[in-house]
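Notes to accompany the following structure.
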Amino acid sequence: MEADSLRKVLDLIRASAGKTAYLPVGAYQSNLNNDLIWIVVVKWENADARALLGHVRMFAYDQKTLKKVGFETCM
């Protein structure tokens, strides 16, 4: 696994969180159109909510360009 690119992706995800609490729970290396990508799954919750990370988000980033190539979230 490419640890440097994964660290950068995790930094990008953390920077985008704002006041949302994120807990990464999985990182998977895959490919999209023959390019290596990271798929990162995070549990999340609004920072002011009294819930226990009851939501899930998925981010996908190209490993070389660090461009976001996918995103899904539950509400």
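A short reminder: the numbers here are calculations on the coordinates, not readings from a lab. Treat the numbers as computed from the prediction; the structure is a model and nothing was measured. Using ideal geometry, Cβ is built from the backbone for each residue, glycine included, and neighbour counts are taken over all protein chains shown.
For the chain, the Cβ-based charge dipole about the Cα centre amounts to some 180 debye (Lys, Arg positive; Asp, Glu negative; other atoms uncharged). With θ taken as phi - 60° and the Karplus curve 6.51 cos²θ - 1.76 cosθ + 1.60 applied, the whole-hertz 3J(HN,Hα) list for segment 50-63 is 9, 10, 10, 6, x, 10, 10, 10, 10, 10, 10, 10, 5, 5 Hz, x standing for glycine and proline.
Partners of K19 within straight-line reach, counting lysines whose Cα lies under 16 Å from its Cα and excluding those fewer than 8 residues away in the same chain: K43.
Could you tell me which of rounded, prolate or oblate describes segment 3-73, using a ≥ b ≥ c as the square roots of the eigenvalues of the alpha-carbon gyration tensor, with rounded for a/c under 1.5 and, failing that, prolate when a/b is larger than b/c and oblate otherwise? Prolate, because a/c is 1.5 or more and a/b exceeds b/c.
For E45, the residues whose modelled amide H falls within less than 5 Å of its own, excluding neighbours fewer than 5 places apart on the same chain, are A21. Helical content alone sets the calculated 222 nm signal of the chain at -6000 deg cm²/dmol, taking -39,500 (n - 2.57) per DSSP H segment of four or more residues and averaging over every residue. Against the chain, whose longest principal axis is taken from its Cα atoms, helix 3-16 shows a tilt of about 40°.
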